[in-house]
Amino acid sequence: MKAVPRTRIGGAAAALALAVCASLASCLAVAASGVGIFVSSEFIDNAHVIHYDREAGDVWTAVRAATLDLALDDAPVLDDAARTAELVIEGGRAAIRVEATGAKRCRLLVGARKFGVHNAGLAHLVLVKLDDAVSVGK
């Protein structure tokens, strides 16, 4: 599947991000479950996404395993309940989320920052590697 940058997310995540952004002049980083995965306007605007016709739990299992393999320098921060991960890779940081979008449907979102700014190339690289892992796990 081809990774496509998305500028919109739906459901509760969008409502949460909108509420947070509306309440402050600048977007507040909201930690999901205290783990360090952040919902920010930059992540939402620049996340690369792939949609799957599979259960979110199954996709998360493959993404989790691949994330552990990708994180060579530091251990990734994983939140199994929220299905989120953050890892250091190639001098940057990648934030990963698996969201259920319906019955047996979900999406994988990846955002990345390098040198403090969004890095589409790194986000795409991580997304492709994770998609390969999910595809093998079918």
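Which residues, counting only those in region 63-85, are surrounded by 22 or more Cβ atoms within 10 Å (Cβ to Cβ) and within 18 Å of H124 (Cα to Cα)?
V63, T67, T84, A85
Looking only at residues that are among the basic types (K, R) and closer than 12 Å to G91 by Cα in region 107-126, which one is surrounded by the most Cβ atoms within 10 Å (Cβ to Cβ)?
R113
Looking at this structure, is A56 touching a Gly at 6+ places or on another chain (Cβ under 7 Å) and modelled with pLDDT of 95 or more?
Judged against the criteria, A56 is not a match.
Residue under question is A133, and the condition is that it be assigned to a helix (DSSP H, G or I) and within 12 Å of the chain's Cα centre (by Cα); does it hold?
Criteria not met by A133.
Where the second residue is exposed (fewer than 14 other Cβ atoms within 10 Å of the Cβ) and the first is basic (K, R) and lies in region 54-79, which pairs have Cβ atoms under 9 Å and are six or more apart or on separate chains?
Taking only residues 6 or more apart or on different chains, the pairs are R54/K104; R54/K138; R64/D80.
Is one or more of the residues making up region 84-102 under 21 Å from Y52 (Cα atoms) and part of a loop (DSSP other than H, G, I, E, B)?
no
Would you tally the residues in region 18-53 being within 22 Å of A133 (Cα to Cα) and modelled with pLDDT under 50?
Of the residues in region 18-53, 1 are within 22 Å of A133 (Cα to Cα) and modelled with pLDDT under 50.
The values are calculated or read from the model by the stated rules, or taken from the named source; none is laboratory data. Nothing here was measured: the structure is a model prediction, and the numbers come from that model. Virtual Cβ from ideal backbone geometry, glycine too; neighbours counted across all protein chains shown.
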